[in-house]
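The values are calculated or read from the model by the stated rules, or taken from the named source; none is laboratory data. Computed from a predicted model, the values in this text were never measured in an experiment. Virtual Cβ from ideal backbone geometry, glycine too; neighbours counted across all protein chains shown. Note: accessible area is taken over every heavy atom of the protein model, side chains too, but ligands, DNA and RNA are not part of it. Shrake-Rupley method; radii C 1.70, N 1.55, O 1.52, S 1.80 Å.
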Amino acid sequence: MSERIDQVLLFLDFKTPKPGYVIDLNSNPQTDSFLDPQAETYYRLLMCSESADWSDLYFMLEHLLDRKLIRRHARSGDDYYFLIEIPGFERIEHLKQKNP
């Protein structure tokens, strides 16, 4: 489980061009097309975290929230907005040094 959670954090880092960037994650995309940015983010996050569905993925996101590695910026309907906190970037640096 810890490796899956680390993969979620690393994926969020991949989607973050700069600190403070807010990632829009739609928990119920209306398409499975990777041409839709929200659907692409959702499905790639499911894949990299080896999650079966949103509840599985959200369980891991809640863990990252509880550890204050990420912050929920807002929520609107099926859209969740997350950003990586400083401790999250520190964890990412550690993970990248461990597995360059």
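So which residues in the stretch 63-92 are at pLDDT below 95 and out of contact with any strand residue (DSSP E or B) (no Cβ under 9 Å at 6 or more places or on another chain)?
Result: Ser76, single match.
Which condition breaks for Arg72 when tested against (1) in contact (Cβ under 8 Å) with a residue 24 or more places away in the chain; (2) not in a loop (DSSP other than H, G, I, E, B)?
(1)
So in the stretch 50-64, with the set limited to residues that are in a helix (DSSP H, G or I) and open to solvent by less than 30 Å² (accessible area, probe 1.4 Å), which one is nearest to Ile5 (Cα to Cα)? Steps first, please.
First, the residues of the stretch 50-64 that are in a helix (DSSP H, G or I): 54-64.
In the following step, the residues that additionally are open to solvent by less than 30 Å² (accessible area, probe 1.4 Å) were identified as 57, 60-61, 64.
Numbers: Leu57: 9, Met60: 6, Leu61: 8, Leu64: 8 Å.
By that ranking, first place goes to Met60.
Would the stretch 80-87 turn up any residue that is open to solvent by less than 30 Å² (accessible area, probe 1.4 Å), farther than 25 Å from Lys98 by Cβ and not polar (S, T, N, Q)?
yes
Mind listing whichever residues of the stretch 12-30 are open to solvent by less than 20 Å² (accessible area, probe 1.4 Å), farther than 16 Å from Asp56 by Cα and under 9 Å from the mean Cα position of the chain (by Cα)?
Within the stretch 12-30, Leu12, Ile23 qualify.
Can you give me the number of residues within the stretch 75-97 that are within 11 Å of Leu9 (Cα to Cα), among the β-branched types (Val, Ile, Thr) and in a helix (DSSP H, G or I)?
Qualifying residue count for the region: 1.
Suppose we keep only residues that are out of contact with any helix residue (DSSP H, G or I) (no Cβ under 8 Å at 6 or more places or on another chain) and open to solvent by less than 90 Å² (accessible area, probe 1.4 Å) within the stretch 65-78. Which one would you say is farthest from Pro29 (Cα to Cα)?
Looking at the filtered set, the residue picked out is Leu65.
In the stretch 70-82, how many are under 18 Å from Gln7 (Cβ atoms) and of a type in the set (A, V, I, L, M)?
1
I'd like the full set of residues that are of a type in the set (Asp, Glu) and closer than 19 Å to Gly77 by Cα, limited to the stretch 38-52. Let's see the steps before the verdict.
Here is the first cut: in the stretch 38-52, the residues of a type in the set (Asp, Glu) are 40, 50.
Matches in the stretch 38-52: Glu40 only.
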